[in-house]
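Structure record follows, encoded as structure tokens.
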Amino acid sequence: MPTLVHEFSWPDRVVVGTIGLPGARTFYLQVRAGKQIVSIALEKQQSALLAENIDDILDQLLTVESNPFSIPTGTPIELVDNEPLEAVQEQFRTGAMSLGWDPTTAQIVIEAYPIPDSDDDDDDNDESSDEDGAIESEMLLVRIPVGTARAFAKRTREIVGAGRPLCPLCGYPVDADGHICTLPEL
């Protein structure tokens, strides 16, 4: 069963962005190289963990004697990307993800895999089937340099944090159309 790999080694752009209003947002990891754009849906928690883990890896690499990989301590201003997502056509909804470090290229490596399709009855009608009936799986493989990784993590944390404000009394999110506060019983 062949795997369709959407691979980006030195992308022009890699960002997390959202579509929708706070409380009903869909998160996307979007990567572009030239005219090739891939957008995959993520959960808010996946986005937050991705940013946190990228920063953790970069912070650990900073402790390596004499910083041979030139890891920036902060986000390089020239790499800040506050632009909205480009035209989004969802490739897949992300299930498993992995994150790594490639010392040969000094890049963070992100791998994302779709949520497995549990609907085996529809396999015969799947458009991604090849002539033998095997289902083609897919994945996203992105390699980003350290400065871009810092900028990616910073933007992602800001996007995740831009959700609904929390009620100061009960701590639950406040919707745009109102909020019924349920104070805990004393």
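The values are calculated or read from the model by the stated rules, or taken from the named source; none is laboratory data. Nothing here was measured: the structure is a model prediction, and the numbers come from that model. Ideal geometry is used to build each Cβ from the backbone, glycine not excepted, and the neighbour counts take in all protein chains shown.
Cβ-Cβ contacts under 6 Å between residues 6 or more apart (or on different chains), taken from a first residue in segment 68-95 that is at pLDDT below 95 to a second residue that is assigned to a loop (DSSP other than H, G, I, E, B) and surrounded by 13 or more Cβ atoms within 10 Å (Cβ to Cβ), are listed as Phe69/Ala106.
Scanning segment 35-42 finds no residues that are aliphatic (A, V, I, L, M), surrounded by fewer than 19 Cβ atoms within 10 Å (Cβ to Cβ) and over 11 Å from the mean Cα position of the chain (by Cα).
If I go through segment 90-107 residue by residue, how many of them are of a type in the set (Asp, Glu) and exposed (fewer than 12 other Cβ atoms within 10 Å of the Cβ)? Outline the logic, then answer.
So in segment 90-107, the residues of a type in the set (Asp, Glu) come out as 90, 102.
Restricting the remaining residues to those that are exposed (fewer than 12 other Cβ atoms within 10 Å of the Cβ) gives 102.
So the count comes out to 1.
Against the list (1) of a type in the set (D, E, K, R); (2) more than 21 Å from Gly100 (Cβ to Cβ); (3) without any contact (Cβ under 8 Å) to a residue 24 or more places away in the chain, the condition Asp59 fails is (2). Would you be able to tell me the number of residues in segment 4-32 that are of a type in the set (A, V, I, L, M, F, W, C), without any contact (Cβ under 8 Å) to a residue 60 or more places away in the chain and surrounded by 15 or more Cβ atoms within 10 Å (Cβ to Cβ)? So the count comes out to 0.
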